[in-house]
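The next block holds one structure in the form of C-alpha cells; read it before the comments.
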Amino acid sequence: MKKKKTVPKTLSEQLRQIIKNGNMTRYEISKRSGVDASQLHRFVHTSGGLSMDSLDRIAQVLRIRLVAYGKAGE
C-alpha cells in the first residue's frame with residue numbers, strides 16, 4: 001500500500017519543537033539571542049509570532065539552517 005504524503009510542519013511549528021526538545025533552556029536562548037524571554041515564551045506556548053530579526057537571532061543561537069529539498073513549488 002502506498003504511503004500517504006505527510007504535510008510538512010510549518011517553520012514556526014518546527015522551531016517550537018526544536019526549542020521545546022533542545023538542550024538549551026528558553027532562558028539561555030533568550031539571553032544569547034537578545035529576544036525578550038516573555039516573547040519567546042509566548043511564541044513557544046501559544047500561536048504568537050516573532051519578528052524575522054528575532055527568528056534569525058534564535059536560529060543563529062541554535063545553529064539552525066534552512067535547507068530546501070526538491071524543486072520550488074513541489
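Computed from the coordinates I sent, Cα Rg over 2.2 N^0.38 Å equals one of [x] 1.40; [y] 1.27; [z] 1.88. Tell me the label.
[y]
Suppose every K and R has +1 on its Cβ and every D and E has -1 on its Cβ; what is the size of the dipole of the chain about the Cα centre, in Debye to the nearest 20?
480
Points 7 angstrom from Cα along the Cβ direction at GLN14 and LYS31: gap in nanometres?
Reported label-point gap for GLN14 and LYS31 is 2.9 nm.
Filter the chymotrypsin sites (Phe, Trp or Tyr not before Pro) in region 9-69 to those in DSSP coil with at most 10 other Cβ atoms within 10 Å of their Cβ, and list the result.
Hits after loop and neighbour filter: TYR69.
Could you tell me the number of lysine pairs in the chain with C-alpha atoms less than 19 Å from each other, where the two lysines are 8 or more residues apart or belong to different chains?
Working: LYS5/LYS71; LYS9/LYS20; LYS9/LYS71; LYS20/LYS31.
The number of close lysine pairs in the chain is 4.
7 Å from Cα along Cα→Cβ at both HIS41 and ALA68: what's the point-to-point distance in nm?
3.8
Considering the options VAL61, GLY34, ILE18, tell which one lies farthest towards the positive end of the dipole of the chain, charges being +1 on Lys and Arg and -1 on Asp and Glu at the Cβ, about the Cα centre.
About the Cα centre, the residue reaching furthest to the positive side is ILE18.
Each reported figure results from applying straightforward, stated rules to the coordinates on display, with no laboratory input. Keep in mind that what you see is a predicted model, and the values were worked out from it rather than measured. Cβ atoms come from the backbone with ideal geometry, glycine included; neighbour counts cover every protein chain shown.
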